[in-house]
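Take a look at the structure below.
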Amino acid sequence: MKIKSLSLAIISATALLSGAVQAYETGDIIVRGGLASVNPDVDSGNIYAGGVEQADQRVDVNNDTQMGLSLTYMVQDNIGIELLAATPFSHNLQGKGGLAGLNDFAEVKHLPPTLTVQYYPMDNSSAFQPYVGVGLNYTIFFSEKFINGADATFGSLELDDSLGLAAQVGFDYEIAENWSLNAAVWYMDIDTTGTFKNANGTGDYKIDVSLDPWVYMAGVAYRF
Ligand code: NI
């Protein structure tokens, strides 16, 4: 009788433990949400005015943090496909080099949807589930405009959309059944060409900017 109770207890405990720690499996959907911060590692070319390069007239771009949301579909036990989405990021542009005194003269918004194929190396005895991913980023720029008085001089600002490679590392740590803490970082190759005109519509300005941001996200994950 005692042995029977004991074995039952052990079986229940084992079931509880294995229930608490489950690796991702084919068909699982993992939704991750949290704060996402885009930190551009800016490499700016010089401004061209009417096709003529303006020596040392460059720009810088500040950071922005928004709500990030990602969705992973597990196509195999160890392989997932993730789409990263977010509320629109808003960045201000400042002057650099010979334009260093120019503070926040333009504002641009963007959405950087990113699709990655992910590999999860750990087996199902682990509550810690790290992953790596590679894929593509497509960044859509919109609502580009001059601000803080610069709009009296310049207008018609447009930034080309960007398609580039993306790589990521991240982890989930299971804290309750189906719930995990999550942290992830992406490196995205985002390059754009900005064009603008004088406020009266004349003139023809151009600048190439490499943004290549590190994107950090921290939050929670839920597995369906
Ligand atoms: Ni780049």
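Output yes when any residue across the stretch 118-135 is of a type in the set (D, E), open to solvent by less than 40 Å² (accessible area, probe 1.4 Å) and either in contact (Cβ under 8 Å) with a residue 24 or more places away in the chain or outside any strand (DSSP E or B) (or both), and no when none is.
For the stretch 118-135, residues of a type in the set (D, E), open to solvent by less than 40 Å² (accessible area, probe 1.4 Å) and either in contact (Cβ under 8 Å) with a residue 24 or more places away in the chain or outside any strand (DSSP E or B) (or both): absent.
Yes or no, residue by residue, for (1) surrounded by fewer than 16 Cβ atoms within 10 Å (Cβ to Cβ); (2) without any contact (Cβ under 8 Å) to a residue 24 or more places away in the chain; (3) more than 16 Å from the ligand (Cβ to nearest atom):
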residue: V169; (1), (2), (3): yes, no, yes
residue: Y173; (1), (2), (3): yes, no, yes
residue: W179; (1), (2), (3): yes, no, yes
residue: D189; (1), (2), (3): no, no, no
residue: T193; (1), (2), (3): yes, no, no
residue: K197; (1), (2), (3): yes, no, yes
residue: V209; (1), (2), (3): no, no, no
residue: W214; (1), (2), (3): yes, no, no
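When you scan the stretch 168-224 for strands (runs of 3 or more DSSP E) that lie fully inside it, which ones turn up with 3 or more residues that are hydroxyl-bearing (S, T, Y)?
Because the criterion is at least 3 residues that are hydroxyl-bearing (S, T, Y), the strands (runs of 3 or more DSSP E) in the stretch 168-224 that meet it are 191-198.
Residue under question is L84, and the condition is that it be among the aliphatic types (A, V, I, L, M), in contact (Cβ under 8 Å) with a residue 12 or more places away in the chain and part of a strand (DSSP E or B); does it hold?
The answer is yes for L84.
The values are calculated or read from the model by the stated rules, or taken from the named source; none is laboratory data. Note that the structure is a prediction, hence the values are computed from the model and not measured. We place every Cβ from the backbone using ideal geometry, glycine too, and count neighbours over all the protein chains shown. Calculation scope for accessible area: heavy atoms of the full protein, side chains included, ligands and nucleic acids excluded. Shrake-Rupley method; radii C 1.70, N 1.55, O 1.52, S 1.80 Å.
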